[in-house]
Amino acid sequence: YLDPQCASGRDTVTHLFEWKWTDIKAECEIFLGPYGYCAVQVSPPNEHAVVANPNRPWYERYQPVSYNIITRSGNEQQFRDMVTACNKAGVRIYVDAVINHMTGSYTGHGTGGSSFDGNACRFPGVPYGPNDCNGHDNCHTRDISIHNYGNSDEVRNCRLLGLADLRLGSDYARGKIADYMNKLIGFGVAGFRVDAAKHMWPGDLENIFGRLQNLRSDVFGSGKKPFIYQEVIDMGGEPITMKEYFGTGRVTNFKYGVELANIFLRHSNQAKWLSNIGEGWSMPPTNNVVVFLSNHDNQRGHGGGDSNGIHAGSSVWLSKGHEQLRLDTNGDDHNNWQGPPHNGDMSIKNVTINSDMSCINGWICEHRWRQTYNMVAFRNVVGGTPLQNWHAFGDYQIAFSRGNKGFIAIVGDGSHLNANAQTGLPSGTYCDVISGNYENGACTGNKIHVDGNGDTHLKIDGNSDDPVIAIHIGAKV
Ligand code: LAG
Ligand code: CA
């Protein structure tokens, strides 16, 4: 489950939160494929509760009602067309799999019309009945909800946020979930982000994933297992740790973004110590994790992963005409429930693209920003090479190479960097892909000269918009 199954030479995943399947299909073909992205994490594709109060919040997608593929993002046929087209463009689809629970403890209807009663654990669309949810027999809190994160049994057997907690020890529920995931594998998806993994027993996950079929051999070759990355929020200080889940896939490393934020927002640490971030900072081994700076939760002050102050990733939209998602009153984000840009009938708006490549119609596409997509290409070029030629010119002035393929310099405070540095790169003139693009052999940004000894002169104004230089052997003029 550890191999992301990227097409060769690709490495980065973008999350297209609540996008419609037809829009993701087009994005794979016109942008993500050509620009070297490995994969898209898509929002839960299965039927979920229609939440009316507040009106259609994003988080209704985390309240499953059945495993039918029908949401505001589209129906099953549209989902399948997207997966086929994305695979053809060399871009993988990872599904956000919500398998720990169903809806909150109330009654209503799902996006496909199925009824539900979350309190009684009645989900005829699956079907699940009262015996398929955990109850007082194995959850020992008064209201069968989680209160104490210091108690592993409670975290796994009781209701997260009051959401009907599936009895994953039972053969029936395991089978229904495996059927759902196998249906998606049959459509050609490459893997799963496993929602709320901390709230499920590793042994139950092992059993469920053991039932999964191999990926489609016509796309991935024979004998390939789905990629699995499990959402385990482990900030330290709780009995449940990331490590317990290494046997069933990778885990989401929430510490990584928090540490980077502490440095670049200058809260508590300095960039000059970054040379051994990772295992050297008591994080899990790199092959056991997925690293990221933010996700749909901590962009919005949801989840337990700590809003780290970095709001990056394409899970952002304009809300109510404001340029910012956040609407703060006394530090409280009153807008944090807002669903995606929608039409009058509450259908999700199309993503439309400007001539400058940016998205409009209420959407923000950070994966289409020059600095982002050029670093996706940088990563593809330097992948597999070691960190070398480390320089710390000041507390927040750092530079390093990735083998002899790429070099980057960063100023994280307002200071000026003016120094010579060994880049480890072959001599030549390189395009700084932060200030511009490398197009048809020419550079629209700053050019950086590396001499016959591999040395260059770095000049960065720490107060500029992008106090970063990045060069690599794929962008030589
Ligand atoms: C996750 N990972 O473990 C998701 O990343 C996160 O977005 C999900 O919570 C959570 N687990 C459950 O899948 C989101 C919102 C919650 C929301 C929940 C269910 O962050 O705020 O809860 O989805 O829609 C909402 C209300 C709760 C209420 C619950 C049930 O905010 O107050 O108890 O619904 O009615
Ligand atoms: Ca559970």
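Below, the figures for the structure above:
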item: Matching residues, the stretch 1-55, being without any contact (Cβ under 8 Å) to a residue 60 or more places away in the chain, among the polar types (S, T, N, Q) and part of a strand (DSSP E or B); result: none
item: Which numbered condition PHE123 fails, given (1) away from ligand 2 (no atom under 14 Å from the Cβ); (2) of a type outside the set (D, E, K, R); (3) without any contact (Cβ under 8 Å) to a residue 40 or more places away in the chain; result: (3)
item: Residue under evaluation HIS367, criteria (1) of a type outside the set (A, V, I, L, M, F, W, C); (2) within 18 Å of TYR35 (Cα to Cα); (3) in contact (Cβ under 8 Å) with a residue 24 or more places away in the chain; (4) surrounded by fewer than 21 Cβ atoms within 10 Å (Cβ to Cβ), criterion not met; result: (4)
item: Qualifying residues in the stretch 36-55 (those that are open to solvent by 10 Å² or more (accessible area, probe 1.4 Å) and over 22 Å from the mean Cα position of the chain (by Cα)) - the one nearest to HIS302 (Cα to Cα); result: PRO54
item: Some residue of the stretch 373-383 being within 26 Å of LYS459 (Cα to Cα), β-branched (Val, Ile, Thr) and free of Cβ contacts under 8 Å to residues at least 60 places away in the same chain; result: no
item: Residues satisfying the stated conditions in the stretch 143-180, i.e. within 12 Å of ligand 2 (Cβ to nearest atom), surrounded by fewer than 20 Cβ atoms within 10 Å (Cβ to Cβ), among the polar types (S, T, N, Q) and within 14 Å of LYS198 (Cα to Cα); result: SER152
item: Residue match in the stretch 246-259 (condition: open to solvent by 20 Å² or more (accessible area, probe 1.4 Å) and of a type in the set (S, T, N, Q)); result: no
item: Extreme residue, modelled with the lowest pLDDT, among residues of the stretch 441-477 that are open to solvent by 70 Å² or more (accessible area, probe 1.4 Å) and closer than 22 Å to ARG368 by Cβ; result: ASP465
item: Which listed residue, of TYR59, TYR94, TYR67, TYR128, is within 15 Å of ligand 2 (Cβ to nearest atom) and either free of Cβ contacts under 8 Å to residues at least 24 places away in the same chain or closer than 27 Å to ILE228 by Cα (or both); result: TYR128
item: Which numbered condition HIS199 misses (of (1) away from ligand 1 (no atom under 16 Å from the Cβ); (2) closer than 27 Å to CYS121 by Cβ); result: (1)
item: Residues located in the stretch 158-183, provided they are within 16 Å of ligand 1 (Cβ to nearest atom) and under 19 Å from PHE209 (Cα atoms); result: ASP165, LEU166, LEU168, ILE177, TYR180
item: Qualifying residue in the stretch 212-232 (condition: of a type outside the set (Asp, Glu), assigned to a helix (DSSP H, G or I) and either within 16 Å of ligand 1 (Cβ to nearest atom) or surrounded by 18 or more Cβ atoms within 10 Å (Cβ to Cβ) (or both)); result: yes
item: Qualifying residue in the stretch 72-89 (condition: within 16 Å of ligand 2 (Cβ to nearest atom) and touching a helix residue (DSSP H, G or I) at 6+ places or on another chain (Cβ under 9 Å)); result: no
item: Matching entry among ASP297, ASP306, ASP332, ASP328 (being out of contact with any strand residue (DSSP E or B) (no Cβ under 7 Å at 6 or more places or on another chain), within 22 Å of HIS367 (Cα to Cα), of a type in the set (D, E, K, R) and at pLDDT below 90); result: ASP297
item: So GLY191, is it more than 15 Å from ligand 1 (Cβ to nearest atom), open to solvent by 10 Å² or more (accessible area, probe 1.4 Å) and modelled with pLDDT of 95 or more; result: no
item: The stretch 265-286, residues that are assigned to a helix (DSSP H, G or I) and either in contact with a Lys or Arg (Cβ under 6 Å, 6 or more places away or on another chain) or surrounded by fewer than 17 Cβ atoms within 10 Å (Cβ to Cβ) (or both); result: TRP273, SER275, ASN276, GLU279, GLY280, TRP281, THR286
item: Only one of TYR430, TYR438 that is of a type in the set (Ser, Thr, Tyr), more than 25 Å from the chain's Cα centre (by Cα) and either within 19 Å of SER275 (Cα to Cα) or open to solvent by 40 Å² or more (accessible area, probe 1.4 Å) (or both); result: TYR438
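The values are calculated or read from the model by the stated rules, or taken from the named source; none is laboratory data. These figures come from a predicted structure and were not determined experimentally. So basically every Cβ, Gly included, is an ideal-geometry build from the backbone, and we count neighbours across all protein chains shown. These area figures cover heavy atoms from the full protein model, side chains too; ligands, DNA and RNA do not enter into them. Shrake-Rupley method; radii C 1.70, N 1.55, O 1.52, S 1.80 Å.
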